[in-house]
Amino acid sequence: MSLVAEAFVTQIAAAEPWPQNATLYQPLKEEQILLSDNAACLAVQAFLQMCNLPVQVVCKANAEYMSPSGKVPFIHVGSQVVSELGPIVQFVKAKGHSLSDGLDEVQKAEMKAYMELVNNMLLTAELYLQWCDDATVQEITLSRYGSPYPWPLNHILAYQKQWEIRRKMKAIGWGNKSLDQVLEDVDQCCQALSQRLGTQLYFFNKKPTELDALVFGHLFTILTTQLISDELSEKVKSYGNLLAFCRRIEQHYFEGHNKGSAATLPLPAPRRTLKS
């Protein structure tokens, strides 16, 4: 999007209040959504809850293809459609809602650096597991990704996506990594997040930012998703303050919060399975 177009969209967004019928679209929750998409969708839900902005979650089999960026989730707010956490944060900020306005410039730079760390490590590890770990691909990913579609479209779309992700992994130097190396990267990321969080309630003390929403989305999803082994979730469980952080956000922003909203989570969270 050009700077002129972006400024125009921002101006339109600022002129309209947040509606009560705002909608978040994501893949089918029980039978289709994969680990990385679930994490991304939960991060946006958490961010909107932290901003106290109502949203209804709608599950669609073709949500990925409805999205303007080809990635989920996306939100439909008034006449605007915006996808992915970063652009959604900017869109919401244009409407006068921001979680990071209280940070100084150094803190904002640090927040962005940790968000990059999460995307470069946790998100990439999730994509690797889904599409590059052969056992996970065969037992979980192919059947779930193609589940809404008839044969042979289900196979065509799944293998097309696998080719796309594996090409990306090669381009960023993850193509030849072993699963153990990927899990070690996850552990290093969790260690960095744990050290930054320390004994604080949130990453920047007493109030959450979009970093907290992003980290929660990924860690909670890893902890509550049953894969073919527990190796990934065990890495997160090694850090007690990260577990407490996830429980805190779940309880404060989902459990019993906005009971009319579809953005709710069970407590305690069950191990949700990705298996068909």
Extension gain, Ala22 back to Gln138 (0.36 nm per residue minus Cα-Cα distance, nm): 38.1 nm
From phi via Karplus (6.51, -1.76, 1.60), per-residue ³J(HN,Hα) for the stretch 118-130 in Hz, x at Gly/Pro: 4, 5, 6, 9, 5, 4, 5, 5, 4, 5, 4, 4, 5
In Å², nearest 10: area of His252 left accessible to a 1.4 Å probe: 110 Å²
Listed residues Ser36, Ser178 arranged by accessible area, highest first, probe 1.4 Å: Ser178, Ser36
Exceeding the 18 Å Cα-Cα cut-off - candidates Lys71/Lys112; Lys71/Lys161; Lys112/Lys207: Lys71/Lys112
Top positive-direction residue, dipole computed over the chain with Cβ charges, set Asn52, Tyr65, Thr224: Asn52
Fully extended contour minus Cα-Cα distance, from Arg248 to Gln90, at 0.36 nm per residue: 54.3 nm
Virtual paramagnetic centre 7 Å along Cα→Cβ of Ala171, amide N under 20 Å, in the stretch 50-72: 64-65, 67-72
Extension gain from Asn62 to Glu255, taking 0.36 nm per residue of separation minus the Cα-Cα distance: 66.6 nm
Rel. contact order, % - alpha carbon contacts under 8 angstrom, at least six apart, the stretch 36-188: 16 percent
Exposure of Phe254 as accessible area (Å², to 10), given a probe of 1.4 Å and all protein chains: 0 Å²
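The values are calculated or read from the model by the stated rules, or taken from the named source; none is laboratory data. Model, not experiment: these values are computed from the prediction. Cβ atoms come from the backbone with ideal geometry, glycine included; neighbour counts cover every protein chain shown. With ligands, DNA and RNA removed, areas are computed over all heavy atoms of the protein, side chains included. Shrake-Rupley method; radii C 1.70, N 1.55, O 1.52, S 1.80 Å.
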